[in-house]
Amino acid sequence: MSANAPVAVEAAPAYPARWLRGAGFIAVRVLKALLTVAVVVTLTFFMIRLMPGNPIDVYIHQLIAQYGIPLAEARNLAAALFSLDLNEPLWRQYLRFLGNLTQGDLGMSFLSPGTPVSTMIGRFLPWTIFSVGTGLLLSFSLGVGLGMVLAYRRGSWFDQALSALGSVFSSVPNYLVAMLILVLFGVQWPLLPIHQMRGVLSPGMRPSLSFEFFADVLYHAALPVATYVITTVGYWMLTMKNSTLSTLEEDYVTVARARGLSDRRIVTAYVGRNASLPLFTQLTITAGFVVGGSLLIESIFVYQGIGLLLINSINQRDYPVMQGVFLLITVSVILANLLTDLVYARIDPRIRLQGSA
Amino acid sequence: MAAQALAARRLGRFGLVLRSSSGRVGLAGVVFFILLVTAGPLVVPLDTKADISAIYQPPSLQHPLGTDHQGRDIFSQIVHGGRGLLYVAALAGLLSTFVAVTLGSLSAYIGGRFDSLMMAVTDVVLTIPQFPLLAVLSGFIRLTSQTALAAIIGLLSWPMLLRAVRAQVLSLKEREFIEAARALGLGTGYIVFAEVLPNMLGYIVINLIFAMTSAMYSQVGLIFLGLVPLSGNNWAVMINLAWVRGAIFFRDSLCYIMSPIAAIALFQLCLVWLSRALEEVYNPRLGRGV
């Protein structure tokens, strides 16, 4: 506030109204997310056009060399596949690309002619969202619960054993854990019918609201989900343990004890809530990492999610699919980021105040 | 002189790493693996001779880890297969640490528009999932050289550390000795590199180890999926071969597939344990680090 402001203003609140602060925070976060999406969209467009092995030119040359298609026609074909007009200057192609994107048009697949990339994504994406989401949710709630127990029983054999296990499993790359599950429980001691568990559904299974359908979905997602949980639960557990230990030293816990509140109330309302709050910001980073790791996990378990689709399209050089899937993976991570920020701000007002300042 | 006293204190603090059992095991493991991949190949010759009569032998005195699908010694492949992996991890780690430390400290020290711009760029790069980006890039660029692979991994993985360095420098730059240096009219570059950075050396080393483990994760993942067509002896190439050739579904191949998996997993684990022990000693949040 400036020094020569009228005295009367000093009595008025120096900050904008509460709802305005919240709105400002949300606006800043949403803008940031939109900016990131714009950057990634631009990057993927120019990656396709300006990379050393420009796939559009490669495709045109291939059409001419292999099938003897004249240049003009080959260019038209390539343009149709990428839904771009190659006769336009680059900046207009870019604008057209953006325009198509807003309508959900990501071009056509090279290798499955006539299949729009958006259709393929629609077929594969739900499975990744389901398996990664279930894995994260399970691992987060399990880790937070176990972490609190460990903090209260620190030093016990239970704490020592679980902490050691957690530190081992969160340090080993997730795809190696997946390989171990496959090799040990699928091949060496064949407890798991790994060949039957491949895919997202058993052959002939149709989506319905029946118990059989849901059981089948869970059966096929079990191995990817188990891998996500095993490799991330240790991290949540150890983080929650540390967070709980430092919360237990806070004055308000001592005061709550002095006030004679029941242990149960202290554990849930005072310690649990405050210790788990900081973990929410880390949920996004983990979400991004798990989605990234799904490329490897889905390949190992042959689970037809977006990660497997991306790997297959890279191996077969199906550039429109690669572009579309990569864009989608990134946008979903950005959205998860935004969501975490907003949820965190909602449950922890301190952040909302800092964020809008 | 003061510098010597400082060095002694640092060594003393490093000694604290050995107090925790995870620190001892981690340090011993990391030293073991570094020796294995650097000096090991000089001692153990690589067995390239196929012997059809000795396919998938169980471990024995002659072959400590058994033999592979061509009857070659697995132990010698493990000894020779880590050097490239460690080279890429170390180079990528050093590169990303260099970028993060330089830009992060300058960003915090200069502040203003430069800082805002750096933070915006960092946020964007941080949000893009690294492994899918690496996978997509491998579709455009044939990453047949280890140095190129290290460069790409290194140039994509600085954002986390940059933020951490920036936060550290922001708090350091308010200290008296930095203000004194500024009052003396010393240049920005000198203050950042000679006055600020030496104070966060421990912190930088911890993050270098983190960067190395994550570079190893990406590297092995890319090779495993066959997106980086590296040939020759390499733990990740061994896993990739076992995977594409279906050796993992063959019960006798247990030693062949488990050896590289165990080597990579144990190396990663030792690196993480060492970095955690270092963190306990140097963590600035505990107020002892600076």
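Over all pairs of distinct alpha carbons, what does the Kirkwood formula give as the hydrodynamic radius of segment A:67-176, in Å? Intermediate results must be reported in sequence, preceding the final value.
Values: mean 1/r = 0.0528 Å⁻¹.
In segment A:67-176 this quantity evaluates to 18.9 Å.
Show which aspartates and glutamates lie in cross-link reach of residue A:32 when reach means a straight Cα distance below 15 angstrom and same-chain residues fewer than eight apart are skipped.
A:341, B:123
Considering only A:164, A:287, A:269, give the residue with the highest GNM mean-square fluctuation for chain A, with springs between Cα atoms whenever their separation is below 10 Å.
Greatest mean-square fluctuation among the candidates belongs to A:269.
Using Cα-Cα distances under 8 Å and only pairs 6 or more residues apart, what relative contact order does chain A have, in percent? If you can, show how the numbers build up before the last one.
Values: 357 pairs, mean separation 88.0, N = 357.
Computed over chain A, the figure is 25 percent.
For the peptides B:93-99, A:341-347, what is the packing order when you average, over each peptide's residues, the other Cβ atoms within 10 Å and list the highest mean first?
Details: B:93-99: 20.6, A:341-347: 16.3.
Packing proxy ranking, top to bottom: B:93-99, A:341-347.
Note down the nm distance, to one decimal, between modelled labels 7 Å out along Cα→Cβ at residue B:24 and at residue A:342.
The two pseudo-label positions are separated by 5.2 nm.
Kindly state, to the nearest 0.05, the FRET efficiency for residue A:282 paired with residue A:57, given R0 = 45 Å and r defined as their beta-carbon distance.
On the way: r = 43 Å, r/R0 = 0.96.
Using R0 = 45 Å, I get an efficiency of 0.55.
Shape of segment A:169-327 from its Cα gyration tensor (a ≥ b ≥ c, root eigenvalues): rounded if a/c is under 1.5, otherwise prolate when a/b > b/c, or oblate?
Prolate, because a/c is 1.5 or more and a/b exceeds b/c.
For every helix of n ≥ 4 consecutive DSSP H residues, a contribution of -39,500 (n - 2.57) applies; sum these over chain A, divide by its total residues, and give [θ] at 222 nm rounded to the nearest 500 deg cm²/dmol. Show your work: numbers first, answer last.
Numbers: 15 runs with 260 residues, N = 357.
Using -39500 (n - 2.57) per qualifying helix, the result is -24500 deg cm²/dmol.
Within 10 Å of each Cβ of A:165-177, how many other protein chain Cβ atoms are there on average? Don't skip to the end; give the middle numbers.
On the way: counts 0, 0, 5, 4, 1, 2, 11, 9, 12, 2, 7, 11, 2.
The mean count of partner-chain Cβ atoms within 10 Å per residue comes to 5.
Skipping prolines and chain starts, which residues have an amide H placed within reach, meaning under 5 Å, of the one on residue A:108, given they are 5 or more residues away or on another chain?
A:82, A:83, A:117
Could you check which residue among B:150, B:211, B:183 shows the biggest mean-square fluctuation in a GNM of chain B with a 10 Å Cα cutoff?
Fluctuation is largest for B:183.
With contacts defined as alpha carbon pairs under 8 Å and 6 or more residues apart, what's the relative contact order of segment B:43-147 in percent? Walk me through the numbers before you get to the answer.
On the way: 72 pairs, mean separation 17.8, N = 105.
Contact order relative to length: 17 percent.
Please build a GNM for chain A, connecting alpha carbons under 10 Å apart, and tell me which residue among A:255, A:217, A:132 fluctuates the most.
Maximum fluctuation in the GNM of chain A, among the listed residues, is at A:255.
Within 10 Å of each Cβ in B:121-128, how many Cβ atoms from other chains are there, averaged over the peptide? Working shown, then result.
Values: counts 1, 0, 6, 9, 2, 5, 16, 11.
The mean count of partner-chain Cβ atoms within 10 Å per residue comes to 6.
Got the relative contact order for chain B handy, in percent, Cα pairs under 8 Å and 6 or more residues apart? Numbers along the way, then the final one.
Values: 365 pairs, mean separation 82.0, N = 290.
Value for chain B: 28 percent.
Is the C-alpha gyration tensor of chain A telling us rounded, prolate or oblate? Criteria: a/c under 1.5 is rounded; beyond that, a/b larger than b/c is prolate, otherwise oblate.
Working: a/c = 2.88, a/b = 1.34, b/c = 2.16.
The shape class here is oblate.
What angle do you read, to the nearest 10 degrees and between 0 and 90, between the alpha-carbon axis of helix A:71-82 and the longest principal axis of chain A?
20
Looking at the square roots a ≥ b ≥ c of the eigenvalues of the Cα gyration tensor of the protein assembly as shown, which shape do they give, rounded for a/c under 1.5, prolate if a/b is larger than b/c, or oblate?
Values: a/c = 1.42, a/b = 1.16, b/c = 1.23.
Rounded shape, in that the Cα axes give a/c under 1.5.
Order these by the 10 Å Cβ neighbour count, fewest first: A:220, A:195. It would help to have the intermediate numbers written out before the result.
On the way: A:220 24, A:195 10.
Taking fewest neighbouring Cβ atoms as first place, the list is A:195, A:220.
Order these peptides, A:324-330, A:124-130, A:142-148, A:245-251, by their mean beta-carbon neighbour count within 10 angstrom, highest first.
Working: A:324-330: 25.1, A:124-130: 19.3, A:142-148: 21.4, A:245-251: 13.6.
So the order, starting with the most tightly packed, is A:324-330, A:142-148, A:124-130, A:245-251.
Under a plain spin-label model, where a point goes 7 Å from the Cα along Cα-to-Cβ, how far apart in nm are residue A:88 and residue B:188?
Simple spin-label model gives 4.2 nm for this pair.
Please report A:61, B:80 as a ranked list, fewest other C-beta atoms within 10 angstrom at the top and most at the bottom. Don't jump to the answer; show the numbers that get you there.
Numbers: A:61 13, B:80 21.
Least crowded to most crowded, the residues run A:61, B:80.
Net charge around residue A:202, counting only other residues with Cβ within less than 14 Å of its Cβ (Lys, Arg = +1; Asp, Glu = -1)? It would help to have the intermediate numbers written out before the result.
Working: positive: A:198, A:206; negative: A:212, A:216.
Once all neighbours under 14 Å are counted, the net charge is 0.
Along segment B:180-192, what does the Karplus equation 6.51 cos²θ - 1.76 cosθ + 1.60 (θ = phi - 60°) give for ³J(HN,Hα), rounded to whole Hz, x for Gly and Pro?
5, 4, 5, 5, 6, x, 6, x, 4, x, 5, 4, 5
Given R₀ = 22 Å, what would the calculated FRET efficiency be for residue A:119 paired with residue A:213, taking r from the Cβ atoms and rounding to 0.05?
Working: r = 22 Å, r/R0 = 1.01.
Between residue A:119 and residue A:213 the formula returns 0.50.
Can you give the helix-only mean residue ellipticity at 222 nm for chain B, where every DSSP H stretch with n ≥ 4 adds -39500 (n - 2.57) and the sum goes over all residues, rounded to the nearest 500 deg cm²/dmol? List each step's numbers first, then the result.
Values: 13 runs with 194 residues, N = 290.
Mean residue ellipticity, 222 nm, calculated: -22000 deg cm²/dmol.
Using a 10 Å cut-off on Cβ to Cβ distances, tally the other chain neighbours for every residue of A:321-334 and report the average as a whole number.
Numbers: counts 0, 5, 2, 0, 2, 8, 1, 1, 6, 5, 1, 1, 4, 4.
So the per-residue partner count for this stretch is 3.
Can you put B:22, B:60, A:131 in order of Cβ neighbours within 10 angstrom, beginning with the fewest?
On the way: B:22 19, B:60 11, A:131 28.
With the sparsest Cβ surroundings first, the list reads B:60, B:22, A:131.
Throughout, read-outs are computed from the coordinates displayed, never taken from laboratory work. All values reported here derive from a predicted model rather than from experimental measurement. Glycine gets a Cβ as well: all are built from the backbone with ideal geometry, and neighbour counts include every protein chain shown.
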